[in-house]
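Presented below is the structure to which this report refers.
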Amino acid sequence: MSDFRVFIGGSAGSIAPIKTILSSLPTDFNLIITLIIHSSGDNNTSMIEAIASCCTLTVIEISDKEIVKPNTIYLAPGGYHLYVENINSYSLSVDKKEHYCRPAIDLLFTSAAETFGKHCIAILLSGANEDGTEGLLNVKRHGGLTIVQSPELSQVSIMPKIAIERGAATKVLSPKEISHLLLEYND
């Protein structure tokens, strides 16, 4: 298993870029990917099916104290905040909403930054509020790589634009470029 961990956050308009990013990853892709998408929790089964239909890796919804396994994509459950508990597991919380959201991207990215430091890759996609920017800044402060979807290619460009304006993006890339970058880190 690689030392790097990938955390992808998004909101409105993020399913299409997620599918593009994941569709070219091979079955033996060894970076563990954690997805956090703003949702109420009512549609996670269909979201898992949609994501699984485009990639060869196993896609599962995270349970509290879930132990990570290689070749798996983990999806945060709707209605819960998600934290990296340690290098091998997650924890869930029903603490108050952040940016009107639960799960909140900032909380996951911040806990990932604190746990993985320079081995953290955080990616922020399309969305309609500022959630994710502070988390990206924390990843940057800990030496990790921060990537923001190009606003011009985002269905809803508010999240990417705010992240770029606040200096949270190490790289601004298209979904296809993000996929190529992840393949480079997989080697």
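Bear in mind these aren't lab numbers, they're just calculated from the coordinates by the rules spelled out. Predicted model only: the values in this text are computed from it and were never measured. Virtual Cβ from ideal backbone geometry, glycine too; neighbours counted across all protein chains shown.
Across region 37-87, what is the number of residues that are more than 17 Å from L107 (Cα to Cα), loosely packed, with under 13 Cβ neighbours inside 10 Å and in contact with a strand residue (DSSP E or B) (Cβ under 6 Å, 6 or more places away or on another chain)?
1
Answer yes or no as to whether I21 is surrounded by 15 or more Cβ atoms within 10 Å (Cβ to Cβ), among the hydrophobic types (A, V, I, L, M, F, W, C) and outside any loop (DSSP other than H, G, I, E, B).
Details: surrounded by 15 or more Cβ atoms within 10 Å (Cβ to Cβ): yes; among the hydrophobic types (A, V, I, L, M, F, W, C): yes; outside any loop (DSSP other than H, G, I, E, B): yes.
So I21 fits the description; yes.
Select from region 135-187 the residues that are hydroxyl-bearing (S, T, Y) and in contact with a Pro (Cβ under 6 Å, 6 or more places away or on another chain) and list them in ascending order. Don't jump to the end; show me each part of the working.
Applying the first criterion (hydroxyl-bearing (S, T, Y)) to region 135-187 yields 146, 150, 154, 157, 170, 174, 179, 185.
If the condition is that a residue be hydroxyl-bearing (S, T, Y) and in contact with a Pro (Cβ under 6 Å, 6 or more places away or on another chain), then S154, S157 are the ones that fit.
Does A128 count as within 17 Å of E85 (Cβ to Cβ), aliphatic (A, V, I, L, M) and more than 11 Å from the chain's Cα centre (by Cα)? Outline the logic, then answer.
On the way: within 17 Å of E85 (Cβ to Cβ): no; aliphatic (A, V, I, L, M): yes; more than 11 Å from the chain's Cα centre (by Cα): yes.
In short, no.
Being buried (at least 18 other Cβ atoms within 10 Å of the Cβ) and assigned to a strand (DSSP E or B) is the filter here; which residues of region 136-171 pass it?
Within region 136-171, L145, T146, I147, V148, Q149, S157 qualify.
Kindly indicate whether I62 is touching a Phe, Trp or Tyr at 6+ places or on another chain (Cβ under 6 Å), under 17 Å from I8 (Cα atoms) and not hydroxyl-bearing (S, T, Y). So that I can check it myself, show each step before the final result.
Working: touching a Phe, Trp or Tyr at 6+ places or on another chain (Cβ under 6 Å): yes; under 17 Å from I8 (Cα atoms): yes; not hydroxyl-bearing (S, T, Y): yes.
It is true that I62 is touching a Phe, Trp or Tyr at 6+ places or on another chain (Cβ under 6 Å), under 17 Å from I8 (Cα atoms) and not hydroxyl-bearing (S, T, Y).
Which residues, taken from region 100-136, are closer than 13 Å to A163 by Cβ and of a type outside the set (A, V, I, L, M, F, W, C)?
Within region 100-136, D106, S126, G127, N129, E130, D131, G132, T133, E134, G135 qualify.
Given the residues A104, A122, A112, which is the only one that is touching a helix residue (DSSP H, G or I) at 6+ places or on another chain (Cβ under 6 Å) and within 15 Å of T34 (Cβ to Cβ)?
Numbers: A104 fails: touching a helix residue (DSSP H, G or I) at 6+ places or on another chain (Cβ under 6 Å); A112 fails: touching a helix residue (DSSP H, G or I) at 6+ places or on another chain (Cβ under 6 Å).
Exactly one of A104, A122, A112 is touching a helix residue (DSSP H, G or I) at 6+ places or on another chain (Cβ under 6 Å) and within 15 Å of T34 (Cβ to Cβ), namely A122.
If you go through region 105-120 one residue at a time, do you hit one that is outside any helix (DSSP H, G or I) and touching a His at 6+ places or on another chain (Cβ under 8 Å)?
Within region 105-120, the first condition is being outside any helix (DSSP H, G or I), and the residues that meet it are 120.
Right, trim to touching a His at 6+ places or on another chain (Cβ under 8 Å) and you get 120.
Yes, the conditions are met somewhere in region 105-120.
Is it the case that E85 is farther than 25 Å from V156 by Cα, touching a helix residue (DSSP H, G or I) at 6+ places or on another chain (Cβ under 9 Å) and assigned to a helix (DSSP H, G or I)? Quick ask: steps written out before the conclusion?
Working: farther than 25 Å from V156 by Cα: yes; touching a helix residue (DSSP H, G or I) at 6+ places or on another chain (Cβ under 9 Å): yes; assigned to a helix (DSSP H, G or I): no.
Against the criterion (farther than 25 Å from V156 by Cα, touching a helix residue (DSSP H, G or I) at 6+ places or on another chain (Cβ under 9 Å) and assigned to a helix (DSSP H, G or I)), E85 does not qualify.
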